[in-house]
Amino acid sequence: AKRIFSGVQPTGVITLGNYIGAIKQFPELQDQGDAIYCIVDQHAITIQQDPKELRSNIRSLAAMYIAVGIDPEKSILFIQSEVPAHAQAGWMLQCVTSIGELERMTQFKDKSAKAAGTNETVLAALLTYPPLMAGDILLYNTDIVPVGDDQKQHIELTRDIAERFNKRYKKTFKIPDIALSKAGRRIKSLQDPTKKMSKSDANAKATIRLLDTPKQIEKKIKSAVTDSEGIVRYDKENKPGVSNLIDIEAALTNSSTEDVVAKYDGKGYGDFKAGVAQVVIDHLAPIQARYNELIDSEELDRILDEGAEKANAIANATIQRMEDAMGLGRGS
Ligand code: AQP
């Protein structure tokens, strides 16, 4: 069976962007292979986090994974920091990565520019987290990494790092492939449809979060930035706001953008926005109900304990092979 690995950062309640771009595929993929899903809390601290909030975000994300359909009988679900092999692999892989490669990462350029703009310190880890991410993936002999297209560059770097390690030392890693969501879409900010929708966006109106109430969802979609043409038409270039809402409805209903456009033929933006909001609300209702059952349950802790145990076993075996290849320690 193919090994599938993906992770999400516990940096806030996940957005429709995270969901449509990545997480929605996770339950579908667990029937096609051995899936491992991770809450990458060590990535979250590349930006300063409030410790209490981080803890609560980790638990919330774990409950959310299960609420969207991850079945712990089929998949491994665990927290990155509960598997020390990730930090170990991250260090070793930094030692086969050049600074130039890291400086070329768009996410580094964007996030460091944002931090500089607000006079925040740019942490070294913001530059060096891609090798940590490479380790996350490579530790599990991963074949397929389902992520949003904003992560493409990081997966390409992971492949380069793995190939370099295999060549320089000894064939240790499988070279993973990226799996972009079938929809293949990048969901945009509701307030600035040229930017991606992002968990950490300071403007609450820009994102729909999976725990938003029906009222909040209605309001946010109603105030989404569109254009003055007044015709529901898919045109990413000239109508990014309207196209974004079409993408959202198409992804959630597994239909084509043409189908969505046809549904709103002859309708104005008021009806269109109300329709999209209803689709989002209906889609999220069962997810929120399951989330609420899980969030304070012991079941959730049991699932995470078991997940960490299974992940540690696989990851530690890879660390052993990496250390042997590099000549670290005394060997076994
Ligand atoms: N707008 C998006 N459209 C489609 N896919 C997206 N992803 C993120 N934003 C969009 C995908 O979600 C997965 C989880 O992302 P992450 O939490 O690991 O980090 P991120 O990509 O940095 O997501 P955010 O929401 O922008 O978080 P912050 O604000 O904390 O940086 C990934 O597979 C990603 O592709």
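The values are calculated or read from the model by the stated rules, or taken from the named source; none is laboratory data. Keep in mind that what you see is a predicted model, and the values were worked out from it rather than measured. No Cβ is skipped: glycine too gets one built from the backbone with ideal geometry, and neighbour counts run over all protein chains shown. Each accessible area value is taken on the protein alone, full model and side chains, heavy atoms only, with ligands, DNA and RNA left out. Shrake-Rupley method; radii C 1.70, N 1.55, O 1.52, S 1.80 Å.
Things to note:
- Of everything in segment 190-207 that is small (Gly, Ala, Ser) and part of a loop (DSSP other than H, G, I, E, B), the residue that is surrounded by the fewest Cβ atoms within 10 Å (Cβ to Cβ) is Ala202.
- Hey, Gly148 in contact (Cβ under 8 Å) with a residue 24 or more places away in the chain and near the ligand (Cβ under 10 Å from one of its atoms) or not: yes
- Residues of segment 163-187 classified as within 17 Å of Val147 (Cβ to Cβ), open to solvent by 30 Å² or more (accessible area, probe 1.4 Å) and not in a loop (DSSP other than H, G, I, E, B), total: 3
- Candidate set from segment 1-24 (those that are over 24 Å from Lys220 (Cβ atoms) and not charged (D, E, K, R)); member that is farthest from the ligand (Cβ to nearest atom): Ala1
Rundown of residues vs (1) more than 10 Å from the ligand (Cβ to nearest atom); (2) over 20 Å from Leu132 (Cα atoms); (3) in contact with a strand residue (DSSP E or B) (Cβ under 6 Å, 6 or more places away or on another chain), yes/no style:
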position	(1), (2), (3)
Gln153	yes, no, no
Glu156	yes, no, no
Arg159	yes, no, no
Pro176	yes, no, yes
Ala179	yes, no, yes
Arg186	no, yes, yes
Ser198	no, yes, no
Asp201	no, yes, no
Ala204	yes, yes, no
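- Residue count, segment 32-55 (criterion: within 15 Å of the ligand (Cβ to nearest atom) and either of a type in the set (Val, Ile, Thr) or open to solvent by less than 70 Å² (accessible area, probe 1.4 Å) (or both)): 15
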